[in-house]
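Q: Below is one structure. I have some questions about it.
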Amino acid sequence: MAAPRKENVKDIIMDATVELLENQSLDDISLAKIATTAGISKGTLYYHYKTKEDILLDITNRFIDQQWDDFLIWVDNKEKDTSLHRLLKYVVERNVKYVGPRYHLLYSAFLGNERIRDMFIERYKEFQQIISTKIAERAGDEYADYLAWTALLVSDGLIIQKLLNNKNIDIDEFIKKTDDFVQLLSNNI
């Protein structure tokens, strides 16, 4: 097998870490295990990343950047219905569907990792601002910030329920009813 090209090594490391995180916590994964799973030497891994936290931060940024890009492509597509209620539904559905490594980061942030906490807060702020801008284009500025934060907070709550495997809430039905409710409100504005 040929050695990975330099520009791909970080992606290979992140992909291997995501694969390991599907069945283990970050605390249970060693850098050596990540290197083995990635098919690279520990030296190569250490050249690109000094800590598991650095890998997790890059994974999260890649994940959030992809969500952001997907959102912008969707919301700017003139052939799609991107009305207010559909926009909010899109945000909530995508956030809940693609939990990715977010819960590992939240766990680290809750346990006091300030670097991860600060990164999370900054990324939330960025995503909230773009969502708010797109809401304002559809429904005006008055409630745009509130609705953007509401979509993100509802998403996080549903993610927690999903991770808890709470059988008392049907997440898909909750999202549908929320969409119906927002559509009803939108028609009355």
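The values are calculated or read from the model by the stated rules, or taken from the named source; none is laboratory data. Not measured: the values here are computed from a predicted model. Every residue, glycine among them, receives a Cβ derived from its backbone with ideal geometry; neighbour counts consider all protein chains shown. Accessible surface is based on the protein model in full, side chains and every heavy atom, while ligands, DNA and RNA are left aside. Shrake-Rupley method; radii C 1.70, N 1.55, O 1.52, S 1.80 Å.
Q: Confirm whether residue 103 is part of a helix (DSSP H, G or I), of a type outside the set (A, V, I, L, M, F, W, C) and buried (at least 17 other Cβ atoms within 10 Å of the Cβ).
A: The answer is no for residue 103.
Q: Okay, next question. What residue, among those in the stretch 31-50 that are outside any helix (DSSP H, G or I) and touching a residue at least 12 places away in the same chain (Cβ under 8 Å), is surrounded by the fewest Cβ atoms within 10 Å (Cβ to Cβ)?
A: Here the answer is 39.
Q: Kindly provide the set of residues from the stretch 124-133 that are open to solvent by less than 30 Å² (accessible area, probe 1.4 Å) and in contact (Cβ under 8 Å) with a residue 60 or more places away in the chain, ordered by number.
A: Result: 127, 131.
Q: Can I ask one more? Just one of 134, 176, 162, 167 is farther than 24 Å from residue 72 by Cα and part of a helix (DSSP H, G or I); which is it?
A: The conditions single out 162.
Q: Restricting attention to the stretch 96-105, does a residue exist that is of a type in the set (A, V, I, L, M) and within 20 Å of residue 55 (Cα to Cα)?
A: Scanning the stretch 96-105, I find at least one residue that is of a type in the set (A, V, I, L, M) and within 20 Å of residue 55 (Cα to Cα), so the answer is yes.
Q: Tell me the residue from 112, 157 that is in a helix (DSSP H, G or I) and either in contact with a strand residue (DSSP E or B) (Cβ under 7 Å, 6 or more places away or on another chain) or surrounded by fewer than 16 Cβ atoms within 10 Å (Cβ to Cβ) (or both), please.
A: Result: 157 is the single residue among 112, 157 that is in a helix (DSSP H, G or I) and either in contact with a strand residue (DSSP E or B) (Cβ under 7 Å, 6 or more places away or on another chain) or surrounded by fewer than 16 Cβ atoms within 10 Å (Cβ to Cβ) (or both).
Q: A further question follows. Among the candidates 77, 23, which residue alone is surrounded by fewer than 17 Cβ atoms within 10 Å (Cβ to Cβ), within 30 Å of residue 138 (Cβ to Cβ) and either at pLDDT 95 or above or over 17 Å from the mean Cα position of the chain (by Cα) (or both)?
A: Only one candidate passes the filter, namely 77.
Q: Hey, another quick one. Would a scan of the stretch 62-70 turn up a residue that is modelled with pLDDT of 90 or more and either open to solvent by 80 Å² or more (accessible area, probe 1.4 Å) or farther than 24 Å from residue 181 by Cα (or both)?
A: yes
Q: List the pairs whose first member sits in the stretch 150-175 and is free of Cβ contacts under 8 Å to residues at least 60 places away in the same chain, whose second member is surrounded by fewer than 16 Cβ atoms within 10 Å (Cβ to Cβ) and β-branched (Val, Ile, Thr), and whose Cβ atoms are under 8 Å apart, counting only residues at least 6 apart or on separate chains?
A: Here the result reads 161/169, each pair linking the stretch 150-175 to a residue that is surrounded by fewer than 16 Cβ atoms within 10 Å (Cβ to Cβ) and β-branched (Val, Ile, Thr).
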